[in-house]
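A.B. asks: So that we are looking at the same thing, I have put the structure below in structure tokens.
The values are calculated or read from the model by the stated rules, or taken from the named source; none is laboratory data. The shown structure was predicted, so the numbers you read here are calculated from the model rather than taken from an experiment. Note that each Cβ is placed from the backbone with ideal geometry, even for glycine, and that neighbours are counted across all protein chains shown. Please note that ligands, DNA and RNA were not included when accessible areas were found on the heavy atoms of the full protein model with its side chains. Shrake-Rupley method; radii C 1.70, N 1.55, O 1.52, S 1.80 Å.
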Amino acid sequence: MQKIFIVLLLTFSLYATEVKNSFNNLNNSVIHIVKEVLGKDARDDIVKNIVYQIEKHYGAMDKKLDKLLENQAFVDNLMHQVNEATKKNISLSELLEKSKKDREEALKELDKLKKKLVNKHDIDLNKVLEEAEKALANYDSKKYREVLKSYREDKKNKEIVENIAITHYLCAKSYASDFMFKKAEEEIGTAVALDKNNGDYLGWYGLILLNQDQYTKALAYLEKSLKIYVAIGNKSGEGTTLNNIATIYKARGDLTKALAYLEKSLKISVAIGDKSGEGTTLNNIATTYQDRGDLTKALAYLEKSLKIYVAIGDKSGEGTTLNNISQIYQARGDLTKALAYLEKSLKIYVAIGDKSGEGTTLNNIATIYKARGDLTKALAYLENSLKIQVAIGDKSGEGTTLNNIATTYQARGDLTKALEYLEKSLKIYVAIGDKSGEGTTLNNISQIYKARGDLTKALEYLEKSLKIYVAIGDKSGEGATLNNISQIYKAREDLTKALEYLEKSLKIRVAIGDKSGEGTTLNNISQIYKARGDLIKALEYLEKSLEIQVAIGDKSGECATRFNMGHIYLANDEIEKALKSWKKVYLIATEIENAEVLEALEGLANGLGLEGGLGAWAKINFD
């Protein structure tokens, strides 16, 4: 799920000016390093944004950047970080923070190992660990790995299998920290081969495979690791592993299983007093309930998470949670409340210098204006978002924003421009290997061709999208695409085939616990029965859909279902029931400021011959 934040245009202009003015004082050495990584033709705005993030990060740590730049190992490490952030579309600020935490954790682990090995009289390993510690403190990860390797190359240490395994394990973690996952996999594989019953080694093997999207293999190692942690009573390791296993099930679209693992992890975090872990797990549970469409439960977990992050002073966690809360209110259609949370979140992200977050915020505020029907303002925010993402080299964010610009042009009725933006987005996703983004964009392109009436081409794009979702094990995407394919067959008046695809979609959505998707599919099934003239069955499916949408707080979905129910009542000559249903839609749509639904209601009022257009619904009263 994408992080979302919000900023008013005025706030954006002030912040942009502040950064621009500070460029005159940027460190020339850092500018030179960034240009060396990006190439001499790199745009000045991209270079300056990256330099700004570096200076802000080390300034917050109270580190003297000029002194650090005298150290060639630090310079090499910094160049690697800039290169990885650009290549892998990660916020440099986040990457520098992660690198800092990884280094601190590795130094603590080395210290712990030194103490543990004192009694084993392995002088060689103690010396190696001390040298490794110095290399790490000096930002020299390459030398750190070379020092560890030197221990196992010494013939007299060949028989000390346990200690050799330790050096492979430490090297694996170092390679993983530097995003060199293939090398990390080789090292951790050797460590596991030497010590098959080490929970840490097995867990890290699983995590390294997980980072390469090798879900089946990763799951096998994580389950072995979990079994060992449970057996030896390592609660911290158990909690972390449960969370990682949940990530795999969530990526596969199995939300029920993901929740089961997250709830076990949460119990452990609470029991051992791990507040940070508790906050993270509550957030993960919330987003899983949101993916299921259960907005009420998602909100309850997010509020608990927010309370923890505020208490422990975790600003990044607080910003993310405020952002996720805004998504719940936006999904419910409460756009005013969503904006309030987004503005709080934005202040935090601006304060910690997260340009990536700022770009995403502008992107998502656009979705609020789009929902309100203000497409001009939505486009303005999206264009500002795109500028930032291009400037910081966030290719994934750029792909998403191009997609959102396209759907905004589509809402305007400009299908040619929409298609242009989608094709640019698709090109980016293919280039960076983002299969999920590629599947989504192919789906969106299909909707342009459908709107043009080219059902054959629309179906071609949907089948390509479906193939991708099946290949990557994305059940949620698969269910949505089957649903969309059904609508092509419905448009072709092949109701039998349309129903087949909807039933497949429904089966997947029920299996993975996607309540929102289930409600949508039940709604669509009802329309097939309506088209067949079976109004009784159509109404049955709509009532099932409505029950789900009311239960999970899906106001927009509820509007669509009640709207369709009104048409069934009208077809049955139950005029009062139809008007009551549409009046309810009017009340909900007005409350949630849903411009699309209000527009449909205006058209309906005119079609029914009600005086006053949209205002006619306000005048209708029932005793």
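A.B. asks: Hey, among the residues in region 149-158 that are farther than 18 Å from Asp111 by Cα and buried (at least 18 other Cβ atoms within 10 Å of the Cβ), which one's modelled with the highest pLDDT?
C.D. replies: Looking at residues that are farther than 18 Å from Asp111 by Cα and buried (at least 18 other Cβ atoms within 10 Å of the Cβ), I get Arg152.
A.B. asks: Please give the number of the condition Thr367 fails out of (1) over 18 Å from the mean Cα position of the chain (by Cα); (2) at negative phi.
C.D. replies: The number of the failed condition is (1).
A.B. asks: Let me ask you something else. Within region 254-267, identify whether any single residue is hydroxyl-bearing (Ser, Thr, Tyr) and within 18 Å of the chain's Cα centre (by Cα), and answer yes or no.
C.D. replies: Checked against the condition, which is being hydroxyl-bearing (Ser, Thr, Tyr) and within 18 Å of the chain's Cα centre (by Cα), region 254-267 yields no hits at all.
A.B. asks: When you scan region 115-126, do you find a residue that is surrounded by fewer than 17 Cβ atoms within 10 Å (Cβ to Cβ) and at pLDDT 80 or above, even just one?
C.D. replies: For region 115-126, residues surrounded by fewer than 17 Cβ atoms within 10 Å (Cβ to Cβ) and at pLDDT 80 or above: present.
A.B. asks: Across region 159-171, what is the number of residues that are of a type in the set (Asp, Glu) and at pLDDT 85 or above?
C.D. replies: Pass one, region 159-171, residues of a type in the set (Asp, Glu): 159, 162.
Add one more test, that the residue is at pLDDT 85 or above, and what stays is 162.
Counting residues in region 159-171 that are of a type in the set (Asp, Glu) and at pLDDT 85 or above gives 1.
A.B. asks: Looking only at region 384-400, count how many residues are within 13 Å of Lys427 (Cα to Cα) and either hydrophobic (A, V, I, L, M, F, W, C) or surrounded by fewer than 22 Cβ atoms within 10 Å (Cβ to Cβ) (or both).
C.D. replies: Within region 384-400, the first condition is being within 13 Å of Lys427 (Cα to Cα), and the residues that meet it are 395-396, 398-400.
Going one step further and asking which of them are either hydrophobic (A, V, I, L, M, F, W, C) or surrounded by fewer than 22 Cβ atoms within 10 Å (Cβ to Cβ) (or both), we end up with 395-396.
Residues meeting the conditions: 2.
A.B. asks: Kindly provide the set of residues from region 256-277 that are open to solvent by 10 Å² or more (accessible area, probe 1.4 Å), farther than 18 Å from Glu303 by Cα and hydrophobic (A, V, I, L, M, F, W, C), ordered by number.
C.D. replies: Ala260, Ile268, Ala271, Ile272, listed by residue number.
A.B. asks: Test Val161 against the stated conditions and say whether it is closer than 28 Å to Val82 by Cα and either among the hydrophobic types (A, V, I, L, M, F, W, C) or open to solvent by 40 Å² or more (accessible area, probe 1.4 Å) (or both).
C.D. replies: So Val161 does not fit the description; no.
A.B. asks: Determine which member of the set Gly279, Gly239, Gly253, Gly293 is small (Gly, Ala, Ser), within 23 Å of Val350 (Cβ to Cβ) and in contact with a Lys or Arg (Cβ under 9 Å, 6 or more places away or on another chain).
C.D. replies: After applying the criteria, what remains is Gly279.
A.B. asks: Collect the residues in region 222-251 that are open to solvent by less than 70 Å² (accessible area, probe 1.4 Å) and of a type in the set (Lys, Arg), keeping them in residue-number order.
C.D. replies: Lys250
A.B. asks: If you take the residues of region 586-597 that are within 13 Å of Arg562 (Cα to Cα) and in contact with a Ser or Thr (Cβ under 9 Å, 6 or more places away or on another chain), which of them is surrounded by the most Cβ atoms within 10 Å (Cβ to Cβ)?
C.D. replies: Per the stated criteria, the residue is Ala589.
A.B. asks: Go through (1) surrounded by 21 or more Cβ atoms within 10 Å (Cβ to Cβ); (2) under 30 Å from Lys504 (Cα atoms); (3) at pLDDT 90 or above and name the single condition Gly557 misses.
C.D. replies: (3)
A.B. asks: Taking region 329-352 as the region of interest, how many residues are closer than 14 Å to Glu318 by Cα and in a helix (DSSP H, G or I)?
C.D. replies: Qualifying residue count, region 329-352: 11.
A.B. asks: Test Gly203 against the criterion of being in contact with a Gly (Cβ under 9 Å, 6 or more places away or on another chain), closer than 17 Å to Lys264 by Cβ and surrounded by fewer than 21 Cβ atoms within 10 Å (Cβ to Cβ), and give yes or no. I'd like the intermediate steps shown before the answer.
C.D. replies: Working: in contact with a Gly (Cβ under 9 Å, 6 or more places away or on another chain): yes; closer than 17 Å to Lys264 by Cβ: yes; surrounded by fewer than 21 Cβ atoms within 10 Å (Cβ to Cβ): no.
Considered against the rule, which asks whether it is in contact with a Gly (Cβ under 9 Å, 6 or more places away or on another chain), closer than 17 Å to Lys264 by Cβ and surrounded by fewer than 21 Cβ atoms within 10 Å (Cβ to Cβ), Gly203 comes out as no.
A.B. asks: For region 462-469, does any single residue satisfy the condition of being among the polar types (S, T, N, Q), buried (at least 23 other Cβ atoms within 10 Å of the Cβ), assigned to a helix (DSSP H, G or I) and modelled with pLDDT of 95 or more? I'd like the intermediate steps shown before the answer.
C.D. replies: Step one: filter region 462-469 for residues among the polar types (S, T, N, Q), giving 465.
Applying the additional criterion that residues be buried (at least 23 other Cβ atoms within 10 Å of the Cβ) yields 465.
Now narrow it down to the ones that are assigned to a helix (DSSP H, G or I): 465.
Filter once more, so that each one left must be modelled with pLDDT of 95 or more: 465.
Yes, region 462-469 contains a residue that is among the polar types (S, T, N, Q), buried (at least 23 other Cβ atoms within 10 Å of the Cβ), assigned to a helix (DSSP H, G or I) and modelled with pLDDT of 95 or more.
A.B. asks: What is the one condition in (1) open to solvent by 30 Å² or more (accessible area, probe 1.4 Å); (2) at pLDDT 90 or above; (3) of a type outside the set (A, V, I, L, M, F, W, C) that Asn403 does not satisfy?
C.D. replies: Tallying (1) open to solvent by 30 Å² or more (accessible area, probe 1.4 Å); (2) at pLDDT 90 or above; (3) of a type outside the set (A, V, I, L, M, F, W, C), Asn403 fails exactly one: (1).
A.B. asks: Let me ask you something else. Considering every residue within region 361-375, establish whether at least one is open to solvent by 20 Å² or more (accessible area, probe 1.4 Å) and within 17 Å of Asp434 (Cβ to Cβ).
C.D. replies: There is no residue in region 361-375 that is open to solvent by 20 Å² or more (accessible area, probe 1.4 Å) and within 17 Å of Asp434 (Cβ to Cβ).
A.B. asks: Pairs, please: C-beta under 6 Å, at least 6 apart or cross-chain, first residue without any contact (Cβ under 8 Å) to a residue 60 or more places away in the chain and in region 499-524, second outside any helix (DSSP H, G or I) and surrounded by fewer than 23 Cβ atoms within 10 Å (Cβ to Cβ)?
C.D. replies: Qualifying pairs under 6 Å: none.
A.B. asks: Filter region 426-438 down to residues that are at pLDDT 95 or above and among the small types (Gly, Ala, Ser), then give me how many there are.
C.D. replies: Matching residues across region 426-438 total 0.
A.B. asks: Given the conditions (1) farther than 20 Å from Ser556 by Cβ; (2) open to solvent by 20 Å² or more (accessible area, probe 1.4 Å), which single one is not true for Ile285?
C.D. replies: It is condition (2) that Ile285 fails.
A.B. asks: In region 567-623, how many are touching a Lys or Arg at 6+ places or on another chain (Cβ under 9 Å) and of a type in the set (Asp, Glu)?
C.D. replies: The total comes to 3.
A.B. asks: May I ask you to say which residue of Ala286, Ala231, Ala260, Ala246 is without any contact (Cβ under 8 Å) to a residue 24 or more places away in the chain and closer than 20 Å to Gly513 by Cα?
C.D. replies: Details: Ala286 fails: without any contact (Cβ under 8 Å) to a residue 24 or more places away in the chain; Ala231 fails: closer than 20 Å to Gly513 by Cα; Ala246 fails: without any contact (Cβ under 8 Å) to a residue 24 or more places away in the chain.
After ruling out the rest, the residue left standing is Ala260.
A.B. asks: Separate question: Filtering region 598-623 down to residues that are among the charged types (D, E, K, R) and outside any helix (DSSP H, G or I), which residue is surrounded by the fewest Cβ atoms within 10 Å (Cβ to Cβ)?
C.D. replies: The residue in question is Asp623.
A.B. asks: Go over the candidates Thr296, Thr280 one by one and state the one that is at pLDDT below 95, open to solvent by 20 Å² or more (accessible area, probe 1.4 Å), more than 28 Å from Ile472 (Cα to Cα) and among the hydroxyl-bearing types (Ser, Thr, Tyr).
C.D. replies: On the way: Thr280 fails: more than 28 Å from Ile472 (Cα to Cα).
Every option except Thr296 fails the conditions.
A.B. asks: On the given criteria, is Glu574 without any contact (Cβ under 8 Å) to a residue 60 or more places away in the chain, of a type in the set (D, E, K, R), open to solvent by 30 Å² or more (accessible area, probe 1.4 Å) and over 28 Å from Ala491 (Cβ atoms)?
C.D. replies: So Glu574 passes the test.
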